[in-house]
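Remarks on the structure that follows.
A short reminder: the numbers here are calculations on the coordinates, not readings from a lab. Fair warning: this is a prediction, and the values are worked out from it, not measured in the lab. Positions of Cβ are generated from backbone atoms using ideal geometry, with glycine treated the same way; all protein chains shown enter the neighbour counts.
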Amino acid sequence: MWKITESEAELWKEAKLSSEEATRVRRIVHERRRLESLAARAARARLNPFPHFSLSHSNPWAAAATSPHPIAIDIERLRPFPPAVWHYFTQESERQREDPPSFTKWHFWCAKELSYKLLCQEFDKISFRRELSVWKDRVEFRRGEIYREIALFFVETQDWLLAVGWLK
């Protein structure tokens, strides 16, 4: 986890990017998005250099994870959830389930975001609504006969929610 307090110049020094990755970051036009992206990469630079990594950001927070196995993370700054979005990305069965009160709409969002990150290398055009089903400790991906299960772990403070996931 990284609370962004540094300037963009300071984060360029911290991030230790390859020339290819630096080129991609420089192409980010929006200044705040570029700063968030650099902060996530600076966080990654402080971790063990495992072959798999995941980055996420939600101003003023950035996060990184590295692992010897595929991993994905998503962080969200806790704020009111946009009402119109809830029906757009959830299944009717998810909306009707009685999950623990501490399992919020942001938990569903983070779980589906990190699932997308894990699965998009294998599958095209993943539907958050039709193909991903969130449970308290896992996400189930179903596409025809294909099934994948993603384990979930959450860390939460009063300011942010971090979700970590990996293929079971």
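A few remarks follow.
- Ranked by how many other beta carbons lie within 10 Å on average, peptides 160-167, 23-30 from highest: 160-167, 23-30
- Stokes-Einstein D in µm²/s, Kirkwood radius over Cα pairs - the chain at 20 °C with 1.002 mPa s viscosity: 127
- At q = 0.10, 0.12, 0.16 Å⁻¹, base-10 log of I(q)/I(0) for segment 70-168 (Debye sum, equal scatterers on each alpha carbon): -0.24, -0.35, -0.63
- For segment 31-100, diffusion coefficient by Stokes-Einstein and Kirkwood Rh (Cα), 10 °C, 1.306 mPa s, µm²/s: 111
- Each residue of segment 1-55 gets 81 Å³ once the volume of the Cα convex hull is shared out per residue.
- The mean sequence separation of alpha-carbon pairs under 8 Å and at least six residues apart, normalised by the residue count of the chain, gives a relative contact order of 18 percent.
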